[in-house]
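Heads up: the structure comes next, in structure tokens.
Quick note: the coordinates plus some simple rules give every number you see, no bench work behind them. Since this is a predicted model, take the numbers as computed values, not measurements. Methodologically, a virtual Cβ is constructed for each residue, glycine included, from the backbone with ideal geometry; neighbour enumeration extends over all protein chains shown.
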């Protein structure tokens, strides 16, 4: 049985209705209060990704990116622009493109090994974030035990120094022997003359205490150098293995996930020895696709890990999804 006293009277109901109407009226007197448009905030992108490889932990760090206006002639300089345009259309990408810079940090449980140091501060307004992001990822620069330089190009050596001092003060520095000797000789193409000056400034001072590796040389247990000559005369990739799982940190074997992988014989403007670089691409692509080796690529779309798969006529990049989160 209901209690009539608990029901609002007609007069109370009218008061409630009047109050609600007044609230709407007051709100309406301040234009935009209820329907203010949210501001546009711009693109937001992830910049740290960590995953397990056997008993190792691997962290990829997005140092930054640039966005050049055209794929051609950087890619396919030995091809008509129409061929590059057709390949871009077939893959649903525009002719302007993004070039990311992604370094890799491997924690073996005994050593913390950093592969390449990024651009460093000041080279590009959208780069130079690696050192700060390493801290965001949970490590301090002083904890890095080994810094491995895959090759001597600016986006790989620029972060060796920070405010004029070693950016990773407790780290042993590792160079490829052939690569270091190439830069030390000082004979470079015109496009690399500024690069040579930079190498002499930021890399050569580490030579006295550095380690120099040949292909198949060991960085630490589970990490060995792989011949990747061509993009630069002595570039090394690095094979990482733990618990039966394998990763190839291939540096700049391929600089674009479509152009350089689907058309490995097309010339790439960044390559110092274009014929050797193309041969290296084919050899490395065949190895990682046949053996199903995971790849970390310095210029692959972030988080920059995936596989290379053979197609009926060539290869294609297959980005990793959630399998390395499990």
Surface/4 of the Cα convex hull for region 255-326, nm²: 4.9 nm²
Inter-label distance for residue 204 and residue 66, nm, one decimal - labels placed 7 Å from Cα along Cα-to-Cβ: 2.4 nm
Between region 263-326 and region 97-158, the alpha-carbon center distance in angstrom: 21 Å
Relative contact order (percent, whole number), the chain, Cα cutoff 8 Å, 6+ residue spacing: 16 percent
Ranked packing of 68-75, 41-48, most packed first, by mean Cβ within 10 Å: 68-75, 41-48
Cβ-Cβ FRET estimate between residue 314 and residue 95, R0 fixed at 22 Å, reported to 0.05: 0.60
Cα gyration tensor of region 48-324 - equivalent ellipsoid semi-axes, whole Å, descending: 27, 22, 18
MRE, 222 nm, helices only [DSSP H, n ≥ 4, -39500 (n - 2.57), over the chain, to nearest 500]: -7000 deg cm²/dmol
Virtual paramagnetic centre 7 Å along Cα→Cβ of residue 136, amide N under 17 Å, in region 99-120: 100-105, 118-120
Cα long-axis angle, helix 274-290 against the chain (0 to 90 degrees, to the nearest 10): 60 degrees
Additional length obtainable on full extension of the chain from residue 265 to residue 163, 0.36 nm per residue less Cα span: 32.7 nm
Ranked by how many other beta carbons lie within 10 Å on average, peptides 268-279, 222-233, 180-191 from highest: 222-233, 268-279, 180-191
For 238, 322, order by how many other beta-carbon atoms lie within 10 Å, fewest first: 322, 238
Rounded to 10°, Cα long-axis angle of helix 81-90 versus longest principal axis of the chain: 50 degrees
Region 49-169 - Rg (one decimal) and Dmax (whole number), Cα, Å: 17.2, 51
GNM top mover of 64, 243, 76 - the chain, alpha-carbon springs below 10 Å: 243
Burial ranking of peptide ranges 300-312, 250-262, 94-106 (average Cβ count within 10 Å, highest at the top): 250-262, 94-106, 300-312
Estimated distance in nm for a label pair at residue 245 and residue 170, the labels positioned 7 Å out from Cα along Cα-to-Cβ: 2.6 nm
FRET efficiency estimate (nearest 0.05) - Cβ-Cβ, residue 77 to residue 143, R0 30 angstrom: 0.10
Antiparallel DSSP beta bridges within region 109-223, as percent of all bridges there, nearest 5: 25 percent
Sites residue 35 and residue 191, calculated FRET efficiency, Cβ-Cβ separation with R0 51 Å, nearest 0.05: 0.40
